[in-house]
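What follows is one structure encoded as structure tokens, with my remarks underneath.
The values are calculated or read from the model by the stated rules, or taken from the named source; none is laboratory data. Bear in mind that the values here come from a model prediction, so they are computed numbers and not experimental data. Here the Cβ positions follow ideal geometry from the backbone for every residue, glycine too, while neighbour counts run over all protein chains shown. Note: areas computed on protein heavy atoms with side chains; ligands, DNA, RNA excluded. Shrake-Rupley method; radii C 1.70, N 1.55, O 1.52, S 1.80 Å.
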Amino acid sequence: MGRAYQNKKESMAKTAGQKTRIYSRYGKEIYICAKGGVDPDGNLALRSLIARAKKDQVPAHVIERAIEKARGGGGEDYDTARYEGFGPGGCMVIVDCLTDNGNRTFTQVRQAFVKNDAKLGSPGTVGHMFEHQAVFVFDGDDDEAILELLMMADVDVTDVELEDGIISVFTPVSEFNNARTALTEAFPEIDFKVENLAFVPQTMTEISGEDIESFDKFLAALDDCDDVQNVYHNAEINE
């Protein structure tokens with residue numbers, strides 16, 4: 001599977017403008033999540049999201065403001081929007097958004113596709129080629145031991161991969177909390193590089209030559225859209 005499932009926040013350059021966009025995206029996501037319960041102890045999804053936000057160095061005041069907004073019951077109303085299509089080199093792409101203006105978001109995402117040798121498709125165009133899974137990535141060198149650990153904890157595991165000293169664990173979405181609990185109890189000092197829900201591609205598409213530059217520009221264009229939360233793709237870069 002490679003590492004294409006990693007959401008785009010992890011590959012963004014750390015410029016001031018991009019940090020601001022990261023904060024904005026987390027703020028939206030925390031606000032939406034907190035509407036289901038503002039107490040992280042009772043809202044496991046919120047607790048996990050706050051942990052990811054802190055790991056991405058989102059300031060505490062951004063997190064607190066989003067939760068307070070949800071507690072007040074007012075604020076913006078955001079809708080989810082998902083776009084699917086083909087990126088440069090024929091790779092498959094899923095773009096997840098949170099928006100308060102669907103027309104604006106569609107226009108911006110469409111322009112990112114049109115201007116970068118990509119093709120926006122209809123809903124379901126490529127979605128069937130991805131699996132929605134819980135993903136955990138951390139340092140390690142014994143994938144078999146991790147698999148045994150999770151199985152002993154009665155966690156339904158889809159796959160465990162080892163690549164270059166990095167272990168990737170994939171489970172059904174419903175097993176997110178069970179898998180995380182099993183791993184953190186066994187390894188209290190574990191540092192997750194990734195711990196989220198993601199669309200994992202079933203197959204990979206190799207990108208090479210001029211398509212690599214086009215693909216980078218395509219991702220950068222999507223990155224510039226504030227409403228874009230996550231981008232999933234099956235591109236495998238061959239340099």
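Entry comment: accessible area of the chain is 51 Å² per residue, from protein heavy atoms only and a probe of 1.4 Å. Other residues with beta-carbon under 11 Å from the beta-carbon of Thr205 carry, at +1 per Lys or Arg and -1 per Asp or Glu, a net charge of -3.
Annotation: extensible slack from Ile166 through Phe187 equals 6.0 nm (criterion: 0.36 nm per residue apart, minus Cα-Cα distance).
Across the stretch 122-134, rounded Karplus estimates of 3J(HN,Hα) from the backbone phi angles (6.51 cos²θ - 1.76 cosθ + 1.60, θ = phi - 60°) give 8, x, x, 4, 10, x, 5, 9, 10, 10, 7, 9, 8 Hz, Gly and Pro being marked x. Computed on protein heavy atoms with a 1.4 Å probe, the accessible areas place Lys119, Lys35, Lys19 in the order Lys119, Lys35, Lys19, largest first.
Helical runs (DSSP H, four residues minimum) scored at -39500 (n - 2.57) apiece and divided by the length of the chain put the mean residue ellipticity at 222 nm at -12000 deg cm²/dmol. Under a 5 Å amide H cut-off, with hydrogens placed 1.01 Å from N, Ile237 pairs with Ile207 among residues at least 5 apart or on other chains.
If the segment from Met204 to Asp41 were pulled out straight at 0.36 nm per residue, it would be longer than the present Cα-Cα gap by 54.9 nm. Under the criterion of Cα pairs below 8 Å and six or more residues apart, the relative contact order for the chain equals 27 percent. The GluC sites (Glu not before Pro) of the stretch 154-219 meeting both criteria, a DSSP state outside H, G, I, E and B (loop) and at most 11 other C-beta atoms within 10 angstrom of the site's C-beta, are Glu189.
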